[in-house]
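This report refers to the structure that appears directly beneath it.
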Amino acid sequence: MKNSNKPLLIVTSCTRNYGWVTRAFLECNTRWADYIIIVDQMSTDGTREMCAEYKNVILIDDKDMAYKENIRAKMAFMRGREIEGDRIFFALDIDEVMPANWMETDDGKKILTSKQGDMFQTKWANLMPDKKSYQWDTDEKGGWQYKIYHDDPKQEWQECGSNIHTPLLPYSSWEIEPTYVHDFPLLHFGYYFPLWNYHKARFYRFQYVKLHSYKTLISLLRDKADKVDLHVWAYLPIKQEWLYDDMNIFDLVDTSTTPIMLQYVKDMIAEDGIEKYAILDVYDKEYMQCLGLKKDPRPLRYRLLHRYIRATDKCRRKVIIRAIDKMLKILMK
């Protein structure tokens, strides 16, 4: 048992049919966390059964199948606040694990001896499918993740209007200067499963349309291209001290499953109709087959617009292209 004078370490997470990586998440994070609280959208892929194997895992049922990160994050966090004691929250996605040596580092010790209200940001080490390397954002100012928060009970949860890409902890990230963790990364399986990435990227674009979380159609279509060259990525060998000696974390990952993101997209199409999402440039032959579509749902004007976006992608920052984009934003509001 932990010393009673030490703060409780509580992991919060949300999931739905992420069983392919759940075992790795549980095996690594249950080794150091006092509690892991997972909000589950009634998974049917073995996720719930895995969670039941661990005594310090608390599973919360979420029967609402809509993708609402902000709602689920609040559910997990508020359940954690019901646990008495001084608490440090680790808001981890189900495809994230803390490295094996994090407590032994200077930054790890700063976290463990932090005071209420302190927050910490970490960077991802994106684990690659070769099981030997990781992708790292070399931009010193970019890629930071607000993940660790020493709970101040006086800090109220501040509601967020966004259901996607929302902070998973109280909104103190805008009020408190964070400590940036340099001694260890957060191990991230987000790039480990290529098929999952393929469907996840498309899901996000459908979700942006559903939530209207983009300024204009042109902004939406340029979104992916604009972000490609914002950061410089390095590919480096995984450090042994991040991994546990008595288990191979990669043996716990199953990439033979069908990505749940595809089901999310099918659900949105069934609810809203394919016409709502015909503005997206995602309907290649492979993806149409995945969705069960027999023909391209895009009207001619959108197909022409998509051709223009692709043709001008590499020169999109030229004055003439920016001028055309501006005109199109006005015409296609």
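Quick notes on this one:
- Of the helices (runs of 4 or more DSSP H) lying entirely inside region 246-319, those carrying at least 3 residues that are open to solvent by less than 90 Å² (accessible area, probe 1.4 Å), under 30 Å from CYS28 (Cβ atoms) and not basic (Lys, Arg) are 260-272.
- Qualifying residue in region 230-250 (condition: aliphatic (A, V, I, L, M), at pLDDT 85 or above, out of contact with any Asp or Glu (no Cβ under 8 Å at 6 or more places or on another chain) and under 21 Å from ARG23 (Cβ atoms)): yes
- Against the criterion of being without any contact (Cβ under 8 Å) to a residue 24 or more places away in the chain, within 22 Å of THR15 (Cβ to Cβ) and not β-branched (Val, Ile, Thr), GLU69 does not qualify.
- Of the strands (runs of 3 or more DSSP E) lying entirely inside region 77-173, those carrying at least 1 residues that are more than 20 Å from the chain's Cα centre (by Cα) and more than 27 Å from VAL253 (Cβ to Cβ) are 87-91, 144-150.
- Scanning region 179-206 for residues that are touching a residue at least 12 places away in the same chain (Cβ under 8 Å), surrounded by fewer than 16 Cβ atoms within 10 Å (Cβ to Cβ) and out of contact with any helix residue (DSSP H, G or I) (no Cβ under 9 Å at 6 or more places or on another chain) returns PRO194, LEU195.
- Flag for SER13 being in a loop (DSSP other than H, G, I, E, B) and closer than 21 Å to THR255 by Cα: no
- Pairing each residue of region 118-134 that is in contact (Cβ under 8 Å) with a residue 24 or more places away in the chain with any residue that is among the small types (Gly, Ala, Ser) and crowded, with 21+ Cβ neighbours inside 10 Å, provided the two are 6+ apart or on different chains, yields C-beta distances under 7 Å for TYR134/ALA125.
- Filtered residue count, region 41-66, keeping only those that are assigned to a loop (DSSP other than H, G, I, E, B) and closer than 22 Å to LEU9 by Cα: 4
The values are calculated or read from the model by the stated rules, or taken from the named source; none is laboratory data. The structure presented is a predicted model; accordingly, all values stated were derived computationally and were not measured. Ideal geometry is used to build each Cβ from the backbone, glycine not excepted, and the neighbour counts take in all protein chains shown. When the accessible area is computed, the model is the full protein with side chains, heavy atoms only, and any ligands, DNA or RNA have been set aside. Shrake-Rupley method; radii C 1.70, N 1.55, O 1.52, S 1.80 Å.
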